[in-house]
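Single-structure report; data block below.
The values are calculated or read from the model by the stated rules, or taken from the named source; none is laboratory data. Note that the structure is predicted; figures quoted are calculated from it, not measured. Neighbour counts run over all protein chains shown; Cβ positions are idealised from the backbone, glycine included. Please note that ligands, DNA and RNA were not included when accessible areas were found on the heavy atoms of the full protein model with its side chains. Shrake-Rupley method; radii C 1.70, N 1.55, O 1.52, S 1.80 Å.
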Amino acid sequence: MSVIYILLAISIIVAVVFFIAFIMAVKKGQYDDSYTPSVRMLFEDELIKENSEKTILTKKD
Amino acid sequence: MDNNTCFHCGLDATSSTITFDDKSFCCNGCKTVYEIFSVNDLTCYYDLQQAPGATPKDIEGKYNFLDNIKIVEQLLEFNNDDTQIVTLYIPHIHCSSCIWILENLNKLNPSVNSSIVNFGKKNVRVTYNSESLTLKNLVTLLSSIGYEPFISLDDYTVGKKHIDRSLIYKLGIAGFAFGNVMFLSFPEYFQVDGFWIEKYKHLFRWLMFFFSLPVVLYSAQDYFISAFKGLRSKILNIDVPIALGVLVLFIRSSTEIIFDAGSGFFDSLTGLIFFLLLGKFFQQKTYTFLSFERDYKSYFPIGITKITNEGTEEPIQVYDIEKGNRLLIRNEELIPVDCILIKGRARIDYSFVTGESKIVSKQSGDKLFAGGKQLDGSIEVDVLKSVEQSYLTQLWSNDVFKKDKELSFTNITNSISKRFTVTILVIALLATSFWLLTDSSKALNVFTSVLIIACPCAIALSAPFTFGNILRILGKKKFYLKNASVIEQLAKINTVIFDKTGTITANKETSINYEGTTLSLAEENLLKSTLRGSNHPLSRSLYNILDKHDIHTLDTYEEFLGKGIEAKYKDHNIKIGSAPFVGLANDTATLNTAVHVSTNNIYKGKFTFYNAYRQGISLLFNTLKKEYDLVILSGDNAGEKENLTKLLPTKTKLLFNQKPEDKLEYIKYHQNEGANILMVGDGLNDAGALAQSNVGIAISENVNVFSPACDAILDASKFNQLYNYIKISKSAINIIKWSFLLSFIYNIIGLYFAVTGQLAPVVAAILMPLSSISIVAFTTVTTNILGRKLE
């Protein structure tokens, strides 16, 4: 048994894992909408700011 | 943000005095939305984009049909216990603020669990608790913040939409196999001899074989299917040589490794299929937010209010409408069937049907046609025909709507590949017979080599990449094409036919001309004051163009239905209306819409209403006339004829009073004479003509809202660019021809190696991807240069 078999096996397994991940991503619809997620990702800041304001509001009540 | 524009929607707010929080608003609706957002801490909405909102429309009663459980069930994507999921199409989605606010719906109503926006499709998928929130409430909530969903009959019939992702799977598999096979064939490329490579080459080769199996069996299956279909119907399409090449590559490579004769061409095989699929993927640019297949279903309402015999209102499904039913049509609602007006003031906007935005007033007892939109309060009508039998729906039963244009058209690639395939087969046979006579051991080798290297990879690639890129460039310039074959069709056009109203005339604009004795200031004052009281559409437009004067309170005012208005102020008397009404007995029957005026029983003159034509129309027609036959097909009367002949080149044919069927027949007739027709239209009355023509372009003021079934949608603001867009399509065809030439050169070089029997795997491995990549680069660069020329 040569080391080349192990190396080949590992590299192919890694490749196949990535391939399966790709198929799963497509199946879950990750490629259906290529624009909205890129915008959505930038919203985090507004949400935090908004949450904090809300807590102040509830305190006032 | 200055104070002249509405903080919410960006419209002019100078004349309104509504301010709130030191911000000006154009109307109370906008102010209310702002209030809703500020109370809920959602004013970030305005930080993301300036004035992103839309004025909320008055929708009272409009969504009553959502009380009907049968209708709601059809719209829901998921419905179990207390959770419901619905996907709503919202045309107003246009910026990141929209995404933000719609995804924070749960802040406005806690019953909403989650809402996810798909910007490309302009829809939002809402999961909500159905015990505390009904679909109707949800729709009302969305409407109240200016995001009114668009629910049409289409949503009712389509059911759950299936997304086809097979191409991306195929592309993924081919790419995965291509990359791995390339790595595995590295040792063979460098031709290192030695114990190590000798010992492991079988392992490497068999691995390559297994990697390429799914590529040939799954990824390439479309090419085999298409080639088979082509052969069966005796057509040599481009997929025939491709399938042949793939098959020969695979069989030869497999036999080589089975008999230990060589390493095969698995790298070229997988690479070839990967690039071909990439081209297909590139060409698959779609405008998911636009619909090119719209028929009446896309804009008809799902439900309508029926008035039962007992006098109660009941929401029913549109298909359930029967002859003799009494319906309640609310303000802004569409009339779904042909009917007779019973009660109420009908002011109908038929712009959906005719493309004309002029509003028609109707009296009780008049017939109303399906497709009209009621604009002034609610009316009651009696149904004459069911939905399927109405005039508008009948239009769609014509055969042209069932025909697939693409099938009847041989594209440039297929027309070339016919000769190409024959030539390649002849070369292969000649070379094989030559080698059979000289060195028969090499004959089979040469035969397969020719088929491998001649596989028209580059030819098959050049068209998809060129068209894909052109599609993208034109899309940026607001000219949206249904698919790539439209570009080819556009390049072959020799006749351009325009609809008049709404297409070459601008919607919502008319120019008014006065002829007669000049009115004195007092008379003009009186005219303005009198018009103020009238709701007649012509009065409204005339009122709007007159200068501002002091408004008098009239002593007497009387409106005569269908005739005109008479008013008195102090000792002045004025009559406005039709010619006989104002006392002009012998009116030279003009076809134009005109309003006559007389004061103190003396005839003064008339205001004539003309269509306002789109800017640059004269220039566009003059550039088009050099290469194309121009025709105007109008459904209107010949009233504008004189005006049009002045405006347009003399060669232009003008045809008036054309019914939808006449337009269709006109196009059919000229197509039989050999004309390639481009039809430019906008209303539903053009739908048949658009479908019959070689290319049908729908002009739209707002591409998201409405356009009939067509091959392309052009934003009205870019109308004067039409000629440039056609020119681009022609240049695209030239680019493809050039790239064909380029790929022929590659093929000749490759064939030299193949025919002389010296095609080594490494030569194929270099030549095949190189030719593909250089073709892709060539077409991309040249199309981008073309695109830059556009304004």
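Identify, please: which residue in the stretch B:98-115 is of a type outside the set (Ser, Thr, Tyr) and more than 11 Å from every other protein chain (Cβ to nearest Cβ) and is, among those, most open to solvent (accessible area, probe 1.4 Å)?
This residue is B:PRO110.
Return the residues of the stretch B:42-58 that are away from chain A (no Cβ under 14 Å) and within 30 Å of B:GLU333 (Cα to Cα); say none if nothing qualifies.
Scanning the stretch B:42-58 gives B:ALA51, B:GLY53, B:ALA54, B:THR55, B:PRO56, B:LYS57, B:ASP58.
Determine whether the stretch B:124-145 contains at least one residue that is more than 20 Å from B:VAL33 (Cα to Cα), within 14 Å of chain A (Cβ to nearest Cβ) and under 28 Å from the mean Cα position of the chain (by Cα).
yes
Filtering the stretch A:14-46 down to residues that are within 15 Å of B:TYR45 (Cα to Cα) and more than 8 Å from every other protein chain (Cβ to nearest Cβ), which residue is modelled with the lowest pLDDT?
A:ASP45
With a cut-off of at least 2 residues that are open to solvent by 20 Å² or more (accessible area, probe 1.4 Å) and at pLDDT below 85, name the helices (runs of 4 or more DSSP H) lying wholly within the stretch B:616-729.
B:641-647, B:660-672
Among the residues of the stretch B:70-85, are any farther than 17 Å from B:ASN40 by Cα, surrounded by 19 or more Cβ atoms within 10 Å (Cβ to Cβ), modelled with pLDDT of 85 or more and not hydrophobic (A, V, I, L, M, F, W, C)?
For the stretch B:70-85, residues farther than 17 Å from B:ASN40 by Cα, surrounded by 19 or more Cβ atoms within 10 Å (Cβ to Cβ), modelled with pLDDT of 85 or more and not hydrophobic (A, V, I, L, M, F, W, C): present.
Out of all the residues in the stretch B:107-141, which are over 17 Å from B:THR83 (Cβ atoms) and not basic (Lys, Arg)?
Within the stretch B:107-141, B:LEU108, B:VAL117, B:ASN118, B:PHE119, B:GLY120, B:ASN123, B:VAL139, B:THR140, B:LEU141 qualify.
Would you confirm, using the coordinates I've provided, whether B:VAL33 is within 19 Å of B:SER152 (Cβ to Cβ) and not polar (S, T, N, Q)?
In short, no.
Kindly list the number of the only condition in (1) open to solvent by less than 80 Å² (accessible area, probe 1.4 Å); (2) under 26 Å from B:SER130 (Cα atoms); (3) under 31 Å from the mean Cα position of the chain (by Cα) that fails for B:LYS57.
Unmet for B:LYS57, out of (1) open to solvent by less than 80 Å² (accessible area, probe 1.4 Å); (2) under 26 Å from B:SER130 (Cα atoms); (3) under 31 Å from the mean Cα position of the chain (by Cα): (1).
Would you check which residues across the stretch B:249-265 are open to solvent by less than 70 Å² (accessible area, probe 1.4 Å) and either without any contact (Cβ under 8 Å) to a residue 60 or more places away in the chain or more than 42 Å from the chain's Cα centre (by Cα) (or both) and list them?
Answer for the stretch B:249-265, where residues must be open to solvent by less than 70 Å² (accessible area, probe 1.4 Å) and either without any contact (Cβ under 8 Å) to a residue 60 or more places away in the chain or more than 42 Å from the chain's Cα centre (by Cα) (or both): B:PHE250, B:ARG252, B:SER253, B:SER254, B:THR255, B:GLU256, B:ILE257, B:GLY262, B:SER263, B:GLY264, B:PHE265.
Quick check on the stretch B:379-415: of everything there that is among the hydroxyl-bearing types (Ser, Thr, Tyr) and surrounded by fewer than 17 Cβ atoms within 10 Å (Cβ to Cβ), which residue is modelled with the highest pLDDT?
Across the stretch B:379-415, the extreme among qualifying residues is B:SER415.
Mind listing just one residue for me: the one in the stretch B:10-28 that is surrounded by 20 or more Cβ atoms within 10 Å (Cβ to Cβ) and at pLDDT 80 or above and, of those, farthest from B:THR55 (Cα to Cα)?
B:SER24
Any idea how many residues of the stretch B:203-222 are open to solvent by 20 Å² or more (accessible area, probe 1.4 Å) and under 26 Å from B:THR413 (Cβ atoms)?
Summing the residues that are open to solvent by 20 Å² or more (accessible area, probe 1.4 Å) and under 26 Å from B:THR413 (Cβ atoms) in the stretch B:203-222 gives 4.
Restricting the stretch B:234-246 to residues that are open to solvent by 30 Å² or more (accessible area, probe 1.4 Å) and in contact (Cβ under 8 Å) with a residue 12 or more places away in the chain, which is farthest from the chain's Cα centre (by Cα)?
Among residues in the stretch B:234-246 that are open to solvent by 30 Å² or more (accessible area, probe 1.4 Å) and in contact (Cβ under 8 Å) with a residue 12 or more places away in the chain, the one farthest from the chain's Cα centre (by Cα) is B:LEU244.
Of all residues in the stretch B:144-164 being open to solvent by 20 Å² or more (accessible area, probe 1.4 Å) and assigned to a helix (DSSP H, G or I), which is modelled with the highest pLDDT?
Among those that are open to solvent by 20 Å² or more (accessible area, probe 1.4 Å) and assigned to a helix (DSSP H, G or I), it is B:SER144.
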